[in-house]
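The values are calculated or read from the model by the stated rules, or taken from the named source; none is laboratory data. Treat the numbers as computed from the prediction; the structure is a model and nothing was measured. Every residue, glycine among them, receives a Cβ derived from its backbone with ideal geometry; neighbour counts consider all protein chains shown. Just the protein is used for accessible areas: all its heavy atoms, side chains included, with ligands, DNA and RNA removed. Shrake-Rupley method; radii C 1.70, N 1.55, O 1.52, S 1.80 Å.
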Amino acid sequence: VQLQAFGGGLVQAGGSLRLSCAASGRTISSYRMGWFRQAPGKEREFVATISWSSITYYADSVKGRFTISRDNTKNTVYLQMNSLKPEDTAVYYCAADINPSSNYLNPGAYHNWGQGTLITVSS
C-alpha cells in the first residue's frame, strides 16, 4: 500500500489544521493506521493511531487536541489538530501496519509510510 500525506502548512499557535493520508494500491480497511512526527534534531515519535475497528490511542502531548479518524470508503485517514502549539512543529508522517497486535507506539511496527508533511506552528 502506498501512502500520501498532505495538509501541512504554517499556522499560528491556537489554530487548527487537518492532515489527510490517502492510500492507494490496496484497501486499508484492515490496517492499523498511525500518525508520527519528527521535529528537527529529535527522534520520530508516536502521535496517534486508529485500529481497523476504529479504536484510537493518542500520545499524552496531543490528547484532547488531536483527533484521528478514518474513512474506509475513501481509503483515507485524517488527523484533526486543534489548539496547535509551537512544540507541535514537525514533519508529520502517516503509516500503516497490517498486524493488529503489534506495538502501535513503535515506528518499526509499521511497514508502510507516507512521505511526510511539514507543520510549522508560529508563536
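Any idea which residue in segment 90-104 is modelled with the lowest pLDDT, counting only those that are in contact with a Ser or Thr (Cβ under 8 Å, 6 or more places away or on another chain) and surrounded by fewer than 20 Cβ atoms within 10 Å (Cβ to Cβ)?
The selected residue is PRO100.
Conditions (1) within 12 Å of the chain's Cα centre (by Cα); (2) of a type in the set (D, E, K, R); (3) closer than 11 Å to GLY8 by Cα, marked per residue:
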position	(1), (2), (3)
PRO86	no, no, no
ALA90	yes, no, yes
ALA95	yes, no, no
SER122	no, no, no
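Only residues that are open to solvent by 10 Å² or more (accessible area, probe 1.4 Å) and assigned to a strand (DSSP E or B): list them for segment 24-41, please. I'd like the intermediate steps shown before the answer.
Step one: filter segment 24-41 for residues open to solvent by 10 Å² or more (accessible area, probe 1.4 Å), giving 24-27, 29-32, 37-41.
Of everything in segment 24-41, those that are open to solvent by 10 Å² or more (accessible area, probe 1.4 Å) and assigned to a strand (DSSP E or B) turn out to be SER24, ARG32, ARG37, GLN38.
Among what's in segment 43-66 and is open to solvent by 70 Å² or more (accessible area, probe 1.4 Å) and of a type outside the set (D, E, K, R), pick the residue that is farthest from MET81 (Cα to Cα). Quick ask: steps written out before the conclusion?
Within segment 43-66, the first condition is being open to solvent by 70 Å² or more (accessible area, probe 1.4 Å), and the residues that meet it are 43-45, 52, 55, 57, 60, 63-64.
Checking which are of a type outside the set (D, E, K, R) leaves us with 52, 55, 57, 64.
Working: TRP52: 21, ILE55: 18, TYR57: 14, GLY64: 10 Å.
By that ranking, first place goes to TRP52.
LYS85 fails exactly one of the following numbered conditions: (1) crowded, with 18+ Cβ neighbours inside 10 Å; (2) touching a residue at least 60 places away in the same chain (Cβ under 8 Å). What is the number of that condition?
(1)
Name, by its number, the condition in (1) touching a helix residue (DSSP H, G or I) at 6+ places or on another chain (Cβ under 6 Å); (2) open to solvent by 50 Å² or more (accessible area, probe 1.4 Å) that does not hold for HIS111.
(1)
Every residue in segment 46-63 that is out of contact with any strand residue (DSSP E or B) (no Cβ under 6 Å at 6 or more places or on another chain), without any contact (Cβ under 8 Å) to a residue 24 or more places away in the chain and not small (Gly, Ala, Ser), please.
Within segment 46-63, ILE55, ASP60, LYS63 meet the criteria.
Under 6 Å between Cβ atoms, which residue pairs at least 6 apart in sequence (or on different chains) link something in segment 95-108 that is more than 16 Å from ASN75 (Cβ to Cβ) with a partner that is at pLDDT 90 or above and among the hydrophobic types (A, V, I, L, M, F, W, C)?
SER102/ALA109; ASN103/ALA109; LEU105/PHE46; PRO107/PHE36
Please count how many residues of segment 42-52 are of a type in the set (Gly, Ala, Ser) and either at pLDDT below 95 or not in a loop (DSSP other than H, G, I, E, B) (or both). Steps first, answer last, please.
If we filter segment 42-52 for residues that are of a type in the set (Gly, Ala, Ser), which is where we start, we get 48, 51.
Those left that are additionally either at pLDDT below 95 or not in a loop (DSSP other than H, G, I, E, B) (or both): 48.
Within segment 42-52, residues that are of a type in the set (Gly, Ala, Ser) and either at pLDDT below 95 or not in a loop (DSSP other than H, G, I, E, B) (or both) number 1.
Please count how many residues of segment 1-22 are in contact with a Phe, Trp or Tyr (Cβ under 8 Å, 6 or more places away or on another chain) and either assigned to a strand (DSSP E or B) or without any contact (Cβ under 8 Å) to a residue 40 or more places away in the chain (or both). It would help to see each step written out before you state the result.
Restricting attention to segment 1-22, the residues satisfying the condition of being in contact with a Phe, Trp or Tyr (Cβ under 8 Å, 6 or more places away or on another chain) are 1, 3, 5, 8, 18-22.
Those still in the list that are either assigned to a strand (DSSP E or B) or without any contact (Cβ under 8 Å) to a residue 40 or more places away in the chain (or both) too: 3, 5, 18-22.
Count: 7.
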